[in-house]
Amino acid sequence: MKKDLLCLINQIDHIKSFFHVIGGRGIPLNNVIYNQPEFSTWKQELLLELEEIYDRSHDKFIWSTLTLLKKGFNGWDDEQSYNELNGKLLAIQKRIDKYYPSETNCIQNDNNKEENLEMPQKKTKVFISHSSLDKGYVSCIVDLLEDIGLTQEQLFCSSVPGYGIPLDEDIYDYLKQQFQEYNLHVIFVLSDNYYQSVACMNEMGAAWILQNKYTVILLPKFEFKEVKGAINPRKIGLKLDDDLTEVKGKLGQLKDTLLKEFDLPSIMDVRWEQKRNKFISAISELKEDNHIISEDALKLLFAACEDDDGTILKTTDLSGTYIETNNKNFIVSQERREIVRWESALKELISAGFIEKQGTTDSVFTVSKSGYDYIEQKTENNV
């Protein structure tokens with residue numbers, strides 16, 4: 001829609017602020033934006049709007065703008081591409097009525113009609129934004145929302161059968177439809193896995209652009225200080241491994257919010273306490289089960305615990321990708337299969353809470369207390 005595209009164009013200066021310099025240590029310095037989640041979500045929204053225009057108009061200028069968006073941001077010439085995109089978007093803004101003739105005609109016709117016609121109200125739906133790697137936790141959340149009273153038509157969750165994308169539907173078209181046709185209450189289920197997923201970051205960006213109402217749930221081992229992206233860090237969220245009294249209180253607040261929002265019948269206190277406690281127990285069991293890690297992850301953690309500083313370094317340069325600890329590089333060749341193998345082991349340790357990221361980059365990690373405890377327990381069991 002015209003107003004959506006204009007809103008995106010008006011964010012040009014804000015998005016530009018996410019440019020940052022990478023390089024050094026022999027690598028040329030370069031000002032880039034391609035790897036920023038805020039830029040990625042803004043770019044995807046632009047693509048959706050411009051593709052809709054091109055599908056009905058086949059306009060050459062729109063096509064050239066789409067080509068620039070798809071191919072122009074590769075980490076080498078981002079600044080040049082952004083300046084060119086800036087000019088193209090401002091030109092489109094100046095001629096916006098050309099690209100939305102039907103909306104322009106409607107506005108002109110409406111001037112001769114009653115002005116107080118009410119737009120049909122969108123139905124409310126809960127949209128659970130999460131990583132598929134966290135589907136165990138997410139299934140528990142869906143069960144709780146069912147117990148609160150939400151129906152299949154009021155809930156979308158791509159990882160739970162019956163609540164996801166129907167057979168033969170295009171994934172991205174269906175997700176776009178959810179954001180366009182419903183008044184969404186987005187539940188962000190945050191974890192390290194979430195921030196590693198491009199799809200998750202796109203969902204977060206779409207919710208931010210459309211100003212959807214949202215609730216934040218932090219999975220065990222994920223801290224408030226790690227919340228980033230388009231979520232307000234000052235907004236109070238629910239941390240599932242927080243103090244038990246705190247968890248119970250915030251689950252009650254979530255229940256009350258949804259009952260009011262969906263106009264659902266109240267739940268007897270005794271019944272709610274049973275359902276709530278069942279949910280908390282299920283989360284605790286999952287938390288314990290998640291301490292089972294692969295052999296590769298275990299080897300990496302053992303080596304890190306033997307390092308004096310308990311540090312794991314992940315570096316990428318022109319020669320390749322390396323994961324090192326205790327004076328040992330675990331990626332012995334630069335074959336893609338080998339790189340993915342040890343990157344996956346590193347992600348396992350992060351997800352289990354056995355290592356913690358240091359700083360703002362994904363390059364330095366240190367063993368956590370639970371990581372040392374886990375290895376100590378393993379060692380004792382093998383004695």
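The values are calculated or read from the model by the stated rules, or taken from the named source; none is laboratory data. Values in this document were obtained by computation on a predicted structure and should not be read as measured data. With ideal geometry, Cβ positions are generated from the backbone for all residues, glycine too; neighbour counts draw on all protein chains shown.
Starting from residues that are in contact with a Phe, Trp or Tyr (Cβ under 7 Å, 6 or more places away or on another chain) and without any contact (Cβ under 8 Å) to a residue 24 or more places away in the chain, keep the ones in the stretch 23-56 and report whichever is surrounded by the fewest Cβ atoms within 10 Å (Cβ to Cβ).
Among residues in the stretch 23-56 that are in contact with a Phe, Trp or Tyr (Cβ under 7 Å, 6 or more places away or on another chain) and without any contact (Cβ under 8 Å) to a residue 24 or more places away in the chain, the one surrounded by the fewest Cβ atoms within 10 Å (Cβ to Cβ) is Y54.
Looking only at the stretch 63-76, count every residue that is assigned to a loop (DSSP other than H, G, I, E, B) and surrounded by 15 or more Cβ atoms within 10 Å (Cβ to Cβ) and tell me the total.
Residues that pass the stated criteria total 2.
Kindly indicate whether any position in the stretch 194-201 is outside the structural domain of E52 (by TED's automatic domain parsing), under 26 Å from D263 (Cβ atoms) and in contact with a Phe, Trp or Tyr (Cβ under 7 Å, 6 or more places away or on another chain).
no
Being touching a residue at least 12 places away in the same chain (Cβ under 8 Å), under 23 Å from L48 (Cα atoms) and surrounded by 19 or more Cβ atoms within 10 Å (Cβ to Cβ) narrows it down to one residue among Y163, Y214; which is it?
Result: Y214 is the single residue among Y163, Y214 that is touching a residue at least 12 places away in the same chain (Cβ under 8 Å), under 23 Å from L48 (Cα atoms) and surrounded by 19 or more Cβ atoms within 10 Å (Cβ to Cβ).
Pick from E223, E181, E169: which is within 24 Å of T360 (Cα to Cα) and either loosely packed, with under 14 Cβ neighbours inside 10 Å or assigned by TED's automatic domain parsing to the domain that holds I12 (or both)? Show your work before the answer.
Working: E181 fails: within 24 Å of T360 (Cα to Cα); E169 fails: within 24 Å of T360 (Cα to Cα).
None of the other options fit; the residue is E223.
Just checking, which of C157, C140 is touching a helix residue (DSSP H, G or I) at 6+ places or on another chain (Cβ under 6 Å) and free of Cβ contacts under 8 Å to residues at least 40 places away in the same chain?
The match here is C157.
State whether one or more residues within the stretch 231-239 are within 21 Å of C140 (Cβ to Cβ) and at pLDDT 90 or above.
The answer is yes; a qualifying residue exists.
For V270, all conditions in the list (1) within 26 Å of the chain's Cα centre (by Cα); (2) surrounded by fewer than 17 Cβ atoms within 10 Å (Cβ to Cβ) hold save one; what is the number of the exception?
Of the numbered conditions (1) within 26 Å of the chain's Cα centre (by Cα); (2) surrounded by fewer than 17 Cβ atoms within 10 Å (Cβ to Cβ), the odd one out for V270 is (1).
Out of the stretch 1-21, which residues are touching a residue at least 12 places away in the same chain (Cβ under 8 Å) and over 23 Å from D97 (Cβ atoms)? Spell out how you get there, then give the answer.
Within the stretch 1-21, the first condition is being touching a residue at least 12 places away in the same chain (Cβ under 8 Å), and the residues that meet it are 1-2, 4-9, 11-12, 15-16, 18-20.
Of everything in the stretch 1-21, those that are touching a residue at least 12 places away in the same chain (Cβ under 8 Å) and over 23 Å from D97 (Cβ atoms) turn out to be I15, K16, F18, F19, H20.
Hey, among the residues in the stretch 226-257 that are among the acidic types (D, E) and part of a helix (DSSP H, G or I), which one's surrounded by the fewest Cβ atoms within 10 Å (Cβ to Cβ)?
Only one residue tops the list, namely E246.
Just to be sure, is K260 surrounded by fewer than 17 Cβ atoms within 10 Å (Cβ to Cβ), assigned to a loop (DSSP other than H, G, I, E, B) and either out of contact with any strand residue (DSSP E or B) (no Cβ under 9 Å at 6 or more places or on another chain) or not aromatic (F, W, Y) (or both)? I'd like the intermediate steps shown before the answer.
Numbers: surrounded by fewer than 17 Cβ atoms within 10 Å (Cβ to Cβ): yes; assigned to a loop (DSSP other than H, G, I, E, B): no; either out of contact with any strand residue (DSSP E or B) (no Cβ under 9 Å at 6 or more places or on another chain) or not aromatic (F, W, Y) (or both): yes.
For K260, the condition - surrounded by fewer than 17 Cβ atoms within 10 Å (Cβ to Cβ), assigned to a loop (DSSP other than H, G, I, E, B) and either out of contact with any strand residue (DSSP E or B) (no Cβ under 9 Å at 6 or more places or on another chain) or not aromatic (F, W, Y) (or both) - is not met.
Considering E261, E203, E246, which residue is over 23 Å from Q154 (Cα atoms) and either out of contact with any helix residue (DSSP H, G or I) (no Cβ under 7 Å at 6 or more places or on another chain) or without any contact (Cβ under 8 Å) to a residue 40 or more places away in the chain (or both)?
Testing whether each residue is over 23 Å from Q154 (Cα atoms) and either out of contact with any helix residue (DSSP H, G or I) (no Cβ under 7 Å at 6 or more places or on another chain) or without any contact (Cβ under 8 Å) to a residue 40 or more places away in the chain (or both) leaves just E246.
Between a first residue in the stretch 222-241 that is without any contact (Cβ under 8 Å) to a residue 12 or more places away in the chain and a second residue that is in a loop (DSSP other than H, G, I, E, B) and exposed (fewer than 13 other Cβ atoms within 10 Å of the Cβ), which pairs have beta carbons less than 9 Å apart while being 6 or more apart in sequence or on different chains?
K225/P233
Among the numbered criteria (1) surrounded by fewer than 12 Cβ atoms within 10 Å (Cβ to Cβ); (2) in the same structural domain as K228 (by TED's automatic domain parsing), which one does Q377 miss?
Here Q377 clears every test but (2).
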